[in-house]
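Remarks on the structure that follows.
Values quoted throughout were computed directly from the atomic coordinates according to the rules given, and no laboratory measurement underlies them. This one's a predicted model, so the numbers in the text were calculated from it and none came from an experiment. Heads up, the Cβs are rebuilt from the backbone with ideal geometry, glycines too, and the neighbour counts pull from every protein chain shown.
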There are 2 protein chains.
Amino acid sequence: MNKLSNTVSNFGEFELIDRIERLLSKDYPPDVLIGMGDDAAVIRHKDGQVQLMTCDMQIEDRHFRLDWIEPYQLGRRAMAVNISDIAAMGGQPTYALVSLGLPEKLPLKFFKNMITGMKDQMAEFNAFIVGGNLAGGSDKLIIDVFMAGKAALGEVITRSGANPGDRLFVSGLVGTGIGGYFTLKQFGNSYPEKYASLVDAYLQPKPRQVFGRLIAQYSFATAMIDISDGLSSDLLHICEQSGVGVELELKRLPLPDGLDNFANLIGSTKWELAVHGGDSYELLFTVKPGVMDTELDLLVSESNTPITEIGRILPLEEGNWIVHPDGKKKALEAKGWDHFVS
Amino acid sequence: MNKLSNTVSNFGEFELIDRIERLLSKDYPPDVLIGMGDDAAVIRHKDGQVQLMTCDMQIEDRHFRLDWIEPYQLGRRAMAVNISDIAAMGGQPTYALVSLGLPEKLPLKFFKNMITGMKDQMAEFNAFIVGGNLAGGSDKLIIDVFMAGKAALGEVITRSGANPGDRLFVSGLVGTGIGGYFTLKQFGNSYPEKYASLVDAYLQPKPRQVFGRLIAQYSFATAMIDISDGLSSDLLHICEQSGVGVELELKRLPLPDGLDNFANLIGSTKWELAVHGGDSYELLFTVKPGVMDTELDLLVSESNTPITEIGRILPLEEGNWIVHPDGKKKALEAKGWDHFVS
């Protein structure tokens, strides 16, 4: 570690982004409502509309393995993870550009199937790929997606609006992504059928766009983020950017079946896996106190998206806590998946 | 070649883009005025405005060499080549996102200087980096830039508007980029002073944004493109997309000094180098017959950008020709730099 003390590998992705943000943000014009540091940039438009902009680079063997995923799935997934970032702001995806670094021996059929997957995933949200760029001779397949989206200015949900007293919720199940990853790592593609839903969640994430859009329109949420980097990391992003504390109750977490198996393999618990594992594209959000459960029930049924209350927002000075199933409180630490530190 | 007959390496970048375009474009909604296939996508906005969107992925040792370029210059260059694409549509850059694939041992200082270069290049055009994404553990440094821009709908200049009888012009000098490349290849960083301007053009391209914006406002040009892929390739893009032929006169090309040296080294001529060499960020454009030289002179002085008439647009059936200095006509072929076929 000491030898590399002046290299980027000594800093996590989030710390490097912080440094970029400090370098860039002080000169932003007033139309840049949010630059770095949220799920997407927010740029003021006319007539109370904003444009959302985000991007995500995925590199073979770092973010995906070609022996685990079909080209068509890979294309869908690359778009889905970006749509999730737009959804986490309460927005709708509109247009995407795709930059590809292509190894020379990539089969043409792979290429066509991947592009078709990208197109189909976008079409589900009435969104379109309008441009791109190809670079040949890459050692690994590189997929970089730029996604634009739209939202009404008053409906954008950032990471910074949570207040003490807000209730903390998550959509869907927590830990499916990491569960799918461990399934494929242990069994390859011949995994037992009981793990199929974990693998599906990992390879074919379903961005919660309809839910994100609805909760934004209803103005129920004060802060929102997707948990692609892991619940712990992403919850702490909300806490830091909102200037609040939090209490997360592990026993309330909605877990998929089968996590115990993989937790045992690495000497961990299913709770740890679920809290710190990445590659889940559920939405984590805080709800202001006035919103009634009946209103939330309506949102759940209208969006067909289950939600679970998993904690509450505290004043900053009360700190960040994780309540274990045995009742013991420990400090909540960011051990979420950081693509940068391996 | 036969062994790889079903891989992407058998197809040039342009042919693969054609295939993507055919796959994607048929479902575009009316707001997508131009999708794939021009310097930037053009999306309709409100009030007669359009948004321009483009991206460009650059991979270490494929598009740049770290022993040739300083981190600050590299950052500037990555933004400049994208701003050039916006300029080629007659637009102004507005916002960019930057995706970086970072090798673990990249020095933090390199990273900071590169970001500063990016920021400074954007600031020259009153444009801003508002987001990005970092991926660690990459073998090579990967820089992918997404650039948004704006233009008035009626002023956008595409590749498809050239008509027979139009005059063909280019800004600045042709062949500086390839000249700079060969200078560094032959001499490394200790090149003779007389080649400094070639190296500067190669490492520090100056996007012709002011000129592109002005010629768009004056409605002089019928088609425009930047010649980053090489004059021959990019001229043929105009011809194909406009459905016209062309006659290019080699002896009229405005060449920098020093190309002869490198042409001799590879058994070529300075004309060939200039016509087919890439990495130049000048604008190639067609001017409709009614525009007078005095009007063009005004544009030249207002933008402080020299231009040279280098040929004329023909009817499609008359074909694409290159007139050599000895008066001989040959078919114009696309031998421009294609980043995909090495």
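Things worth noting here:
- Helix-derived mean residue ellipticity, 222 nm - over chain A, DSSP H n ≥ 4, -39500 (n - 2.57), to 500: -10000 deg cm²/dmol
- At 7 Å out from Cα toward Cβ: A:Asp326 inter-copy label distances (nm, ascending): 9.1
- For the residues A:Asp166, A:Asp257, A:Asp31, a GNM of chain A with alpha-carbon springs under 10 Å puts the largest fluctuation on A:Asp31.
- Charged neighbours of A:Gly149, selected by a Cβ distance under 11 Å, balance to 0 (K, R count +1; D, E count -1).
- Distance distribution note for the range B:1-119: the fraction of Cα pairs above 20 angstrom is 57%.
- Ordered by the number of other Cβ atoms lying within 10 Å of each residue's own Cβ, fewest first, B:Ile69, B:Ile86, B:Ile266, B:Ile17 fall into the sequence B:Ile266, B:Ile17, B:Ile69, B:Ile86.
- Taken over the range A:192-260, the percentage of Cα pairs per 10 Å bin, counting from 0 up to the bin with the maximum distance, is 15, 38, 36, 10, 1.
- Above-threshold pairs, the threshold being 32 Å between Cα atoms, out of A:Lys335/B:Lys105; A:Lys105/B:Lys206; A:Lys112/B:Lys335; B:Lys119/B:Lys288; B:Lys105/B:Lys270; B:Lys140/B:Lys206: A:Lys105/B:Lys206; B:Lys119/B:Lys288; B:Lys105/B:Lys270
- With label points defined 7 Å past Cα in the direction of Cβ, position A:Thr269 shows copy-to-copy spacings of 8.0 nm, given to one decimal and shortest first.
- Ranked B:Arg312, B:Arg208, criterion: other C-beta atoms within 10 Å, fewest first: B:Arg312, B:Arg208
- Taken along the Cα-to-beta-carbon direction at a fixed 7 Å, the label points for A:Lys194 and A:Thr116 span 3.5 nm.
- Two-site FRET efficiency, A:Val300 against B:Asp326, from Cβ-Cβ distance with R₀ of 56 Å, rounded to 0.05: 0.10
- Over the range B:103-196: Rg over Rh, Cα atoms, Kirkwood Rh: 1.06
- Extents of the range A:173-226, largest first, come to 44, 16, 14 Å (Cα atoms, principal axes, whole angstrom).
- Cβ-Cβ FRET estimate between B:Leu316 and A:Glu21, R0 fixed at 51 Å, reported to 0.05: 0.50
- In Å, descending, principal axis extents of the Cα set of the protein assembly as shown: 90, 50, 43
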